[in-house]
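Accompanying notes for the structure given below.
Here, each number is a calculation from the coordinates, and none is a lab measurement. The model shown is predicted, which means the values in this text are computed figures rather than measured ones. Every residue, glycine as well, gets a Cβ built from its backbone with ideal geometry; the counts of neighbours run over all protein chains shown.
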Amino acid sequence: MSLRSDPTRWSTVVKTFHWTMALLILGNGAFAYWMDGLKPSLHKINMFALHKSIGLTVLALFFLRLLWRAIDRRPPDEPAPGWQRVAAHAVHGFLYLLIVAIPLSGWAFNSAHGYPLQYFKLFNLPALVEKNEAWSDTLANVHIYLFWFLLLVLVAHVGGALKHHVVDRDDTLRRMLPFGRAKRSTSTSPGETP
Amino acid sequence: MNPTIRRLSLLGLALALPLTAAAADYQVGPGSTLGFSGKFQGQQFDGIFGKFDATISYDPANLSTSKFDVTVDLATAKTGDGDRDKALPTPDFFDTSKFPKAHYVTTGFSKDAKGDVVANGNLTLHGVTKPLALKVVFNPNPGGARLSVTGTLKRLDFGVGSGDYKDTSTIADEVLVNGTLNLLPK
């Protein structure tokens, strides 16, 4: 367990953020697909409420993660051509943007439709926009298309990680894996350098 | 007292009683509203009934002869949300095809600790009759009077919300009922 990242590995905190959010985002997307097909019922209403609560959790985790990013160290990029490093960071930027935009568009859609927003039946959150039927439909579509876009960006993100792992055989993926150990060691433990 | 005087005084009393004790009859004027407030997912929503009839006899000085008799057309409930308004008349809630109307009739009036008037009566809703107390505020004005009533009922007492919809963590059990009537002399 490492609280802070070091030059060879992401810290347990960063890994927990990364994988928890990955699981919640993809899980909530699949969940949404399933719940949308339910017959109108109180069960369906409660499932939508759960989806919203999970989405709000992702949003909250994202801001905590940004905060952590500001105080934590970062391992340097693994060697790669300049354009690939730019692409990798651009993909990260897009993912961050979408991680904020998807919950916010859902929240706005919820408000425009006039639905209440309750976090796990604990407390209510205010409306983001005024009630407006026409906007509500548009925002619902924005919410859904942004998620499809996220999946597209995710293909690049995962593809990049796998390329580093399989082709370059470097630590890019390994240092983010839950129990991964970096093959390479660095200046922090020079004795282990092969 | 001799029998004649007694008979006369009884007659006088009998004649005088209706004049002093009868509460004024009113009809419901324009701008009157009858509504309810519930809570869904922790947020209040307000509904109104588009159609209702009320027969009001009221005199704050003669509560014993005062009476409210109100019939509500449940299918006319509007809450500002299309999905909810579509759901309310169904068997999941009001079941208006079986129970089209709600009926409230007072059995008497009393005063609470603060001296406010309380109407005691029975509400028949969804085929169930239960007592319902309403706080009464009556303000006479040159054209008649303004009558406001508020009370709280538990929807599940009346079986409003069946199956899954009994879940009070999503739809609160307590429902506030309120009315503001512009009363015109009959």
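Tabulated data for the structure shown
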| read-out | value |
| --- | --- |
| Ellipticity estimate at 222 nm from DSSP helix runs (n ≥ 4, -39,500 (n - 2.57)) divided over chain A, nearest 500 | -21500 deg cm²/dmol |
| Cα→Cβ-extended label distance, 7 Å offset, between B:Ala22 and A:Leu125, nm | 6.3 nm |
| The range A:12-181: relative contact order in percent, alpha carbon pairs under 8 Å with at least 6 residues between | 23 percent |
| Residue-averaged [θ]222 nm for chain B, counting only DSSP H segments that reach four residues, each worth -39500 (n - 2.57) | -4000 deg cm²/dmol |
| C-alpha long axis of helix A:82-113 to longest principal axis of chain A, angle in ° | 20 degrees |
| Neighbouring partner chain Cβ atoms per residue of B:164-176, average, 10 Å criterion | 2 |
| FRET efficiency for A:Leu38 and A:His165, using Cβ-Cβ distance with R0 set to 35 Å, rounded to 0.05 | 0.35 |
| For the range B:114-186 versus the range A:139-167, the gap between their alpha-carbon centres in whole angstrom | 54 Å |
| J(HN,Hα) series, the range A:118-131, from Karplus relation 6.51 cos²θ - 1.76 cosθ + 1.60, nearest Hz, glycine and proline x | 10, 8, 6, 6, 9, 8, 9, 10, x, 6, 7, 9, 5, 5 |
| Nearest 10 degrees, 0 to 90: helix A:42-71 Cα axis against chain A principal axis | 40 degrees |
| Using alpha-carbon coordinates, inclination of helix B:3-21 to the longest axis of chain B, degrees | 30 degrees |
| Extension gain, B:Ala75 back to B:Thr107 (0.36 nm per residue minus Cα-Cα distance, nm) | 8.9 nm |
